[in-house]
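The values are calculated or read from the model by the stated rules, or taken from the named source; none is laboratory data. These numbers were taken from a predicted model, which means no experiment stands behind them. Don't worry about glycine lacking a Cβ; one is built from the backbone with ideal geometry, like all the others, and counts go over all protein chains shown. Note: areas computed on protein heavy atoms with side chains; ligands, DNA, RNA excluded. Shrake-Rupley method; radii C 1.70, N 1.55, O 1.52, S 1.80 Å.
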Amino acid sequence: MFIDADFLLDTPQAKTLFHKFAEALPIIDYHSHLDPAAIADNKQFANIAQLWLDGDHYKWRAMRTNGVPERLCSGAAPDREKFDAWAAVVPRLLRNPLYHWTHLELRRPFGITGILFSPKTADEVWERTSAMLQSGKFGALDILKKMNVEAVCTTDDPCDDLAAHSRHAASGDPVKLCPTFRPDKARAIGQTQAWNTWVSRLEQAAGMKITDLNSFKKAIADRHDFFAQNKCKLSDHSLEAFDEESLSDAAAAEIFNSARNGIVVDKQNAARFSNYLLDFLAGLDAAKGWVRQLHVGALRNPNGAAMSELGPDTGFDAIADDNCVAPLSRILDRSAQKGTLPRTIIYNLNPRDSAAFAVLCGSFQDGIVAGKMQYGAAWWFLDQMDGITRHLETLSQLGTLSRFVGMLTDSRSLLSYTRHEYFRRILCRILGRDMVQGLIPDDIDTVGALVADVSYNNAKQYFNF
């Protein structure tokens, strides 16, 4: 049967590793784009289309490729019409990871197995899932619990008030909901008009007037403190503009003042100002013992027409081919030399650079914190079977697999928690094959301990939730 209990597990060892050491472990989702208010309020969903298709740009991208008009993707068409459009697309997705994910998402949390999703089965799926969703027992928080999620880290702008996180914390619910400090807009001085608008928001959030670079940094530090008070333990940064150099305080202040006066900052100075702030933010993170996440390799919004019509994060981004390894090494080195290099996870999107990033992490291990520098999980376009397998092979051969903090969802869809199961199955598949081939000991308890560490234990210790 397709997607059965032993899906992807093609050796007896792999089956034992998964079912005994991985399957029942909780999930620590240390990077997601879920709506914290939906979780705090246990948002209810009328139908599966709202769960499957609202905000899920992975699916929108596949739908457009198959000739589905935008009104049925991100548009305002009725939910059932969107659902039927997705049902018509899924049979076209054989060998695409979305085909696996779709059927895993029916299996969990809905328990629907033994059918292939298509227009022929759409009515059955719609009716069965609608009955469950309308029962009052399948709200956003309920789904997290059904997926065995222990902790969720959302992605939050420094100006956010974190009201939903506070509300959830006050409820006493055992599922942890933690914010993540993502100051990308603070660094985006090259987008001068939008940056100035954001600085005005920062003034309001921090309750102070920003008159110069020092007060700007003070306001950011104030918000950093506020996030820490609300159980934040991570920062997150998307790196898209690269330069090996940073700026002196005086040069950064001059650029800051020019931008505040509406003068557009050129590309090189914008990249160097971004580096200057990254250096400053690394010190804040290190002082609080936070983990810093660096996402490298995305080409944002190459389709200008789509960006103008639909905005960002709608499924039109791509993989960049910038020279980013050397500039990133300089960012890490400046902090290392000052003693302010925090625990860091580097996510790479261009597979061309995977080995380089895995090795770069080893260049900044300090011999004090085990696994301090992490070559992060296969991300975005790479979180499919081949991408996950290649990531694990690269990490194993150029780093230390046993110290890896495991998978994340990086998703706006609650049902994407099946990607943790997908990852664990692939991990056990790889290790099971190695055991059969004599590449590692055929010792189920020794290898099982590694599986449990990578699936859960390492993240639990590394993030200290």
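Of the residues that make up segment 63-72, is at least one of a type outside the set (A, V, I, L, M, F, W, C), over 24 Å from the mean Cα position of the chain (by Cα), open to solvent by less than 50 Å² (accessible area, probe 1.4 Å) and over 29 Å from A5 (Cα atoms)?
yes
Working only within segment 251-272, note down all residues that are β-branched (V, I, T) and either open to solvent by less than 60 Å² (accessible area, probe 1.4 Å) or part of a helix (DSSP H, G or I) (or both). Walk me through it before giving the result.
Residues of segment 251-272 β-branched (V, I, T): 255, 263-265.
Hits for segment 251-272 are I255, V265.
Are there any pairs, at least 6 apart or on different chains, whose C-beta atoms fall under 8 Å, with the first in segment 105-127 and farther than 12 Å from A88 by Cα and the second open to solvent by less than 50 Å² (accessible area, probe 1.4 Å) and small (G, A, S), and if so, which?
Within 8 Å, the pairs are E105/S416; V125/A87.
Okay, residues lined up against (1) open to solvent by 10 Å² or more (accessible area, probe 1.4 Å); (2) assigned to a loop (DSSP other than H, G, I, E, B); (3) modelled with pLDDT of 95 or more; (4) out of contact with any Cys (no Cβ under 9 Å at 6 or more places or on another chain):
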{"position": "S118", "(1), (2), (3), (4)": "yes, yes, yes, yes"}
{"position": "T129", "(1), (2), (3), (4)": "no, no, yes, yes"}
{"position": "L144", "(1), (2), (3), (4)": "no, no, yes, yes"}
{"position": "V152", "(1), (2), (3), (4)": "no, no, yes, no"}
{"position": "D160", "(1), (2), (3), (4)": "yes, yes, yes, yes"}
{"position": "K185", "(1), (2), (3), (4)": "yes, no, yes, no"}
{"position": "T197", "(1), (2), (3), (4)": "yes, no, yes, yes"}
{"position": "F216", "(1), (2), (3), (4)": "no, no, yes, yes"}
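Among the residues of segment 279-305, which ones are out of contact with any Leu (no Cβ under 8 Å at 6 or more places or on another chain) and of a type in the set (S, T, N, Q)?
Result: N301, N303.
Counting only residues that are open to solvent by less than 20 Å² (accessible area, probe 1.4 Å), give me the helices (runs of 4 or more DSSP H) lying completely in segment 273-363 with at least 2 of them. Let's see the steps before the verdict.
Working: elements: 304-310, 325-338, 354-363.
Correct list: 325-338, 354-363.
Going by what's in this entry, would H57 be described as buried (at least 18 other Cβ atoms within 10 Å of the Cβ), of a type outside the set (G, A, S), modelled with pLDDT under 95 and touching a Gly at 6+ places or on another chain (Cβ under 9 Å)? Show your work before the answer.
Values: buried (at least 18 other Cβ atoms within 10 Å of the Cβ): yes; of a type outside the set (G, A, S): yes; modelled with pLDDT under 95: yes; touching a Gly at 6+ places or on another chain (Cβ under 9 Å): yes.
In short, yes.
Just for segment 415-462: of the residues that are aromatic (F, W, Y) and under 13 Å from I27 (Cβ atoms), which one is surrounded by the most Cβ atoms within 10 Å (Cβ to Cβ)?
Pass one, segment 415-462, residues aromatic (F, W, Y): 417, 422-423, 456, 462.
Retained after the next criterion (residues that are under 13 Å from I27 (Cβ atoms)): 417, 422-423, 456.
Working: Y417: 27, Y422: 22, F423: 24, Y456: 22.
Among those that are aromatic (F, W, Y) and under 13 Å from I27 (Cβ atoms), it is Y417.
The conditions are (1) among the hydrophobic types (A, V, I, L, M, F, W, C); (2) under 25 Å from L234 (Cα atoms); (3) assigned to a helix (DSSP H, G or I), and A377 fails exactly one of them. Which is it?
Condition (3) is where A377 drops out.
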